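What follows is a single structure, written as structure tokens, with notes after it.
Every number in this text was worked out from the coordinates using simple rules, so none of it is lab data. Computed from a prediction, not measured in an experiment: that's the story for all the values here. With ideal geometry, Cβ positions are generated from the backbone for all residues, glycine too; neighbour counts draw on all protein chains shown.
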Amino acid sequence: MENNFLLTDDMLWDYADGILSGAEKGQVEAYLQRNPEWQARLRLILGEKEELSAIPLEAPNPGFADRVMAAWAAERVKIKAAAPGKDWIIRLIALVFVLFVLAPAVVMVVAALQLSPAEESGFSIPEIPVSEWSAAVQSPFFTYGLLFVTAFITLRFLDKIVQHRRLAQQLA
Amino acid sequence: MAVTISDETLIQQALAGRQSAYAMLVKRYEKYVFTLALRFVKNREDAHEVAQDCFMRMFRYMADFRGDCKFTTWLYKIVYSTALNHLRKNKPDILSLDDDVRPLTLKDEGAPDASSELERDDRNAALHRAIAMLSHDDAGILTLFYLYEQSLDEICQIMDLSMSNAKTKLCRARQRLKSVLETNFQAEYGGQHAPGAR
């Protein structure tokens with residue numbers, strides 16, 4: 001079987017490149033042992049491989065790296081500019097949220113200030129203002145406020161999706 | 001003693017927003033990216049454009065690099081796809097070596113110098129120019145395999161080839177290189193010494 005094996009130049013190159021399978025490699029090695037003239041050819045191929053791997057790299061023009069970095073900086077600025085309103089939406093949502101949390105406290109303080117303590121006698125215990133939460137929840141202020149916040153969160157979410165898509169299109 | 005920062009460290013630093021890490025990656029790979037781009041697009045002006053595009057894409061998609069292959073393999077895949085896009089956009093009628101007419105003509109460089117150093121330089125230059133005359137696929141696969149020492153597996157990833165296809169392409173690229181050297185660079189290579197020659 002092995003005696004019928006005929007080594008070709010391409011196969012010898014593949015052997016030198018180390019891309020032959022185990023069986024093929026064995027056949028080539030056996031053939032090389034029997035045929036010293038092919039060993040000389042192998043040495044030549046190895047020399048040529050060395051030449052191929054020693055070709056000097058091409059250098060880009062001077063300042064290439066600086067131009068790349070400048071382009072990258074410009075692109076980052078562009079990407080930031082392509083996402084306007086990001087900050088003000090976040091700030092607005094935060095403001096609405098804070099107002100919503102603080103509003104009951106403000107209402108309580110205002111109610112307490114409107115009480116008229118010690119009108120008839122010199123000493124009296126001020127009444128603690130009691131908020132009627134059920135009324136507050138049913139008030140238009142709460143209902144519309146909640147709608148307002150929900151709308152903003154939804155808009156913010158949509159804004160994120162749109163920005164993400166726009167960015168993906170730019171990068172593609 | 002100078003300490004070489006690994007690619008992975010530079011990538012992490014770049015992703016953390018450190019501008020100098022980006023710059024170091026560009027400096028480290030500019031020649032590799034440019035040379036490979038030049039092998040594909042065949043002229044320096046376009047190669048600059050492609051190389052710059054590659055680095056832009058590398059920066060944009062750096063966060064996607066998971067380290068499941070070598071950084072260089074990932075980078076060369078970007079070079080390959082960017083160069084192919086460039087060729088499709090700008091040069092749809094690019095000729096391959098199989099075509100009858102070759103667009104590149106060679107100047108007579110004169111007789112090679114007697115000294116072995118100069119002779120090697122001549123052979124190097126001839127090899128360089130012969131590779132430049134190959135089709136972009138042939139030049140690319142030879143550069144990736146022999147010059148950048150990418151394995152066939154990695155070349156399959158870069159060029160999106162099957163293993164058998166990559167082997168065949170590499171073999172054919174060698175044969176075409178041999179043919180170009182024998183036809184155009186007899187003085188430097190003397191026929192029987194051309195890569196792939198019997």
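The modelled label-to-label distance for the pair B:S151/A:A81, using points 7 Å beyond Cα in the direction of Cβ, is 4.7 nm. Take each residue of peptide B:158-167, count the partner chain Cβ atoms within 10 Å of its Cβ, and average: the result is 1.
Residue pairs exceeding 26 angstrom between C-alpha atoms, taken from A:K25/A:K49; A:K25/B:K167; B:K89/B:K169; B:K42/B:K178; A:K160/B:K77; A:K49/B:K89: A:K160/B:K77; A:K49/B:K89. As a length-normalised measure over Cα pairs under 8 Å and 6 or more apart, the relative contact order of segment B:8-92 settles at 30 percent.
Remark: mean inter-chain Cβ contacts per residue of A:65-77 equal 5, using a 10 Å Cβ-Cβ cutoff to other protein chain atoms. Residue by residue along A:14-20, Cβ atoms of other protein chains within 10 Å of the local Cβ number 3 on average.
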